[in-house]
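Peer 1: My structure is below; once you've seen it, I'll send some questions.
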Amino acid sequence: MKPLADKRIVLAGGTGAVGEGIAKALISDGATIIVPFRTEAKKEQLQDYLTESPREQLVLYKANVGDPKGVKAFKTQVINEFGKIDMTIASLGGWVQGHDLVDTPIDLWQEILQNNLTSHFLFASAFVPVLKAQNEGLYVNINGGAQDFVAPKAGSMTIISSAQEAMTRVLHEEAKKASYRIRSVAAFTPVKTRARGEQVQPNWVSAEDIGHYITKLYLKQTKDDPITHKLRGNL
């Protein structure tokens, strides 16, 4: 039997470059993956990518989880159809570079906050209470190495990544007496994705590596592991 057989996982950002690889790995490990999508093009792109995966293990809802009403409606749909959720994963946002911090246009700064931080807050606000009500399950935030370093012309990513890490630690602290778990999985290399094509390097962590690592993290069923799991390649 596959390790995640009969498990139900909500994957926000599952249509993204990293998220689609995570979805592929988790489906191959037996899980049913529930993914929100904003556009038909994104939906079809994910379906095409997973064409060799069992179609019944991919459930798609049109929803905007970066909007308060949208994420609430999405949660209601998921709970009404599936009831219990075993895991939720936030693979939201993306890398932005090109400006010194003080030269970042305010419109871009607000877009970065919305896509890379507010979206995480909204998703957590919707789905952490689901795990709390169940008193079981795993919430995983997908982050990156920028939490520990400053990349040239990408200082906003350090600020955002550090804030995501702080959010994870707060959620973990608030769950210390409960049976559900809050964790972060952070790639400390660039991530191999199909979008990067020939740019990838052999020692980079792949999106599928991240997915399979999450499977192992779920199966541990312990609260004694680190809050943040740092992946450094060659898994």
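The values are calculated or read from the model by the stated rules, or taken from the named source; none is laboratory data. Everything numeric in this text was worked out from a predicted model, so none of it was measured. FYI the Cβ positions are ideal-geometry reconstructions off the backbone, even for glycines, and counts take in every protein chain you see. For accessibility, only protein heavy atoms count, side chains too; no ligands or nucleic acids. Shrake-Rupley method; radii C 1.70, N 1.55, O 1.52, S 1.80 Å.
Peer 1: Looking only at region 72-105, count every residue that is touching a Pro at 6+ places or on another chain (Cβ under 8 Å) and either hydrophobic (A, V, I, L, M, F, W, C) or within 18 Å of ALA126 (Cβ to Cβ) (or both) and tell me the total.
Peer 2: The total comes to 1.
Peer 1: I would also like to ask the following. State which residue is surrounded by the most Cβ atoms within 10 Å (Cβ to Cβ) when the search covers only region 125-150 and only residues that are within 21 Å of GLY13 (Cβ to Cβ) and at pLDDT below 95.
Peer 2: Per the stated criteria, the residue is GLY144.
Peer 1: If only one of LYS177, LYS216, LYS220 is over 27 Å from GLU111 (Cα atoms), under 17 Å from the mean Cα position of the chain (by Cα) and free of Cβ contacts under 8 Å to residues at least 12 places away in the same chain, which one is it?
Peer 2: Going through LYS177, LYS216, LYS220 in turn, the sole match is LYS216.
Peer 1: If a residue has to be in contact with an Asp or Glu (Cβ under 6 Å, 6 or more places away or on another chain) and open to solvent by 20 Å² or more (accessible area, probe 1.4 Å) to count, how many in region 203-235 make the cut?
Peer 2: Adding up the residues that qualify gives 1.
Peer 1: State whether the residues of region 116-124 include one that is surrounded by fewer than 19 Cβ atoms within 10 Å (Cβ to Cβ) and more than 18 Å from LEU11 (Cα to Cα).
Peer 2: No, region 116-124 contains no residue that is surrounded by fewer than 19 Cβ atoms within 10 Å (Cβ to Cβ) and more than 18 Å from LEU11 (Cα to Cα).
Peer 1: Identify, by number, the condition in (1) out of contact with any helix residue (DSSP H, G or I) (no Cβ under 8 Å at 6 or more places or on another chain); (2) closer than 20 Å to ALA17 by Cβ that PRO105 doesn't meet.
Peer 2: Failing condition for PRO105: (2).
Peer 1: Name the single residue, out of those in region 18-36 being small (Gly, Ala, Ser) and assigned to a helix (DSSP H, G or I), that is farthest from the chain's Cα centre (by Cα).
Peer 2: SER28
Peer 1: Next question, about the same structure. If you take the residues in region 62-94 that are surrounded by 15 or more Cβ atoms within 10 Å (Cβ to Cβ) and among the hydroxyl-bearing types (Ser, Thr, Tyr), which one is nearest to LEU26 (Cα to Cα)?
Peer 2: Here the answer is THR88.
Peer 1: Quick one: in region 165-185, which of the residues that are basic (Lys, Arg) and open to solvent by less than 30 Å² (accessible area, probe 1.4 Å) is farthest from LEU92 (Cα to Cα)?
Peer 2: Residue satisfying both the conditions and the ranking: ARG181.
Peer 1: When VAL10 is evaluated against the numbered criteria (1) among the aliphatic types (A, V, I, L, M); (2) under 22 Å from ILE112 (Cβ atoms); (3) assigned to a strand (DSSP E or B); (4) touching a Ser or Thr at 6+ places or on another chain (Cβ under 6 Å), which criterion, by number, is the only one it fails?
Peer 2: Going through the list (1) among the aliphatic types (A, V, I, L, M); (2) under 22 Å from ILE112 (Cβ atoms); (3) assigned to a strand (DSSP E or B); (4) touching a Ser or Thr at 6+ places or on another chain (Cβ under 6 Å), VAL10 breaks only (2).
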